[in-house]
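In what follows, a single structure is set out as structure tokens and then discussed.
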Amino acid sequence: MARPDAVIFDVDGTLAETERDGHRVAFNRAFAEAGLPWRWGERLYGELLAVTGGRERIESFARRFAPDFLQAPAAVARIAELHRRKNAHYAAIVQQGGLPLRPGVPRLLDELAAAGLRLAVATTTSRANLEVLLGATLGADAMSRFEFAVCGEDVACKKPDPEAYLLALRRLQLPAARCVAVEDSANGLRAALGAGIPTVIVRSLYTHGEDFAGALRSFDGYADGAAPAGRRQLSAALLIGA
């Protein structure tokens, strides 16, 4: 394909390994705080990641393991409050330095910007979660690195629905073929391809075994010095020429 004009990044799993030691831990802290006997282990959380969106994930879990919870008159409000408290715990984890960006991500962003590519974000996480993560890892002006961010509250349907990417294309005022999406999951890939955007995959902790048919290429990580033997790493040069 020709050199793209813009690169659209997913966030959770893609820019940072936020799921296992960030969101999962924050969910468990919110459950304990609310007096609920729920605990999401690493394996169970990996299964729950098939559902995008925090509130949706809580509801999916309750439907499977605690159906009585959903029968209470205040179930919707309780889920919203659990999610709000979870986000507060997540912010605390990030601000304490617990979730760095994946190795090579800052270098990649710098090199893409220096090459004149437009950068954007399309994520199903909340704007507050995005801002706290990027602020803690890239500094106070982190959001200015990106032309805009489409977040979970900006769309009615979350990934694998393509709405977030379709909105990103409208804001960029570019055809899909002039962009590249960077994702880590099959759901994200489906969303980007649903909008017609060529997509590269950088597999994360929870997505190594997923089916990435249709992706331009798949990588194990980002270029950050010498590549470990047998591991494929995404660099700015490869992305520009993807």
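What to note about this one:
- The residue of the stretch 2-23 that is surrounded by the fewest Cβ atoms within 10 Å (Cβ to Cβ), among those that are touching a Leu at 6+ places or on another chain (Cβ under 8 Å) and either without any contact (Cβ under 8 Å) to a residue 60 or more places away in the chain or in a helix (DSSP H, G or I) (or both), is 21.
- Qualifying positions in the stretch 112-152 - under 14 Å from the mean Cα position of the chain (by Cα) and not hydrophobic (A, V, I, L, M, F, W, C): 123, 124, 125, 126, 127, 129, 131, 152
- Residues being farther than 22 Å from residue 159 by Cβ and in a loop (DSSP other than H, G, I, E, B) - total across the stretch 89-138: 9
- Complete set of residues in the stretch 24-70 that are surrounded by 13 or more Cβ atoms within 10 Å (Cβ to Cβ) and of a type in the set (Phe, Trp, Tyr): 27, 31, 38, 40, 45, 61, 69
- Close Cβ contacts (under 6 Å, 6 or more residues apart or on different chains) running from residues in the stretch 188-204 that are within 11 Å of residue 159 (Cβ to Cβ) to residues that are basic (Lys, Arg) comprise 188/159; 191/159.
- Wholly within the stretch 142-242, strands (runs of 3 or more DSSP E) carrying at least 3 residues that are at pLDDT 95 or above and within 14 Å of residue 9 (Cα to Cα): 179-183, 199-202
- On the stretch given as the stretch 155-183, residues that are over 27 Å from residue 50 (Cα atoms), out of contact with any Pro (no Cβ under 8 Å at 6 or more places or on another chain), touching a residue at least 24 places away in the same chain (Cβ under 8 Å) and of a type outside the set (Lys, Arg) total 2.
To keep it simple, each residue is scored yes or no on (1) at pLDDT 95 or above; (2) acidic (Asp, Glu); (3) touching a Leu at 6+ places or on another chain (Cβ under 7 Å); (4) crowded, with 19+ Cβ neighbours inside 10 Å.
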site: 88; (1), (2), (3), (4): yes, no, no, no
site: 92; (1), (2), (3), (4): yes, no, no, no
site: 98; (1), (2), (3), (4): no, no, no, no
site: 101; (1), (2), (3), (4): yes, no, yes, yes
site: 111; (1), (2), (3), (4): yes, yes, no, no
site: 116; (1), (2), (3), (4): yes, no, no, no
site: 122; (1), (2), (3), (4): yes, no, no, yes
site: 125; (1), (2), (3), (4): no, no, no, yes
site: 130; (1), (2), (3), (4): yes, no, no, yes
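- Residue ID - nearest to the chain's Cα centre (by Cα), chosen from residues in the stretch 63-88 that are more than 19 Å from residue 48 (Cβ to Cβ) and not in a helix (DSSP H, G or I): 74
- Qualifying residue in the stretch 71-86 (condition: among the β-branched types (Val, Ile, Thr), closer than 28 Å to residue 209 by Cβ and surrounded by 15 or more Cβ atoms within 10 Å (Cβ to Cβ)): no
- Qualifying residue in the stretch 110-120 (condition: touching a Pro at 6+ places or on another chain (Cβ under 8 Å), among the hydrophobic types (A, V, I, L, M, F, W, C) and outside the structural domain of residue 26 (by TED's automatic domain parsing)): yes
The values are calculated or read from the model by the stated rules, or taken from the named source; none is laboratory data. On a predicted model such as this, the values are computed, not experimentally measured, just so you know. Glycine also receives a Cβ, built like all others from the backbone with ideal geometry; neighbour counts cover every protein chain displayed.
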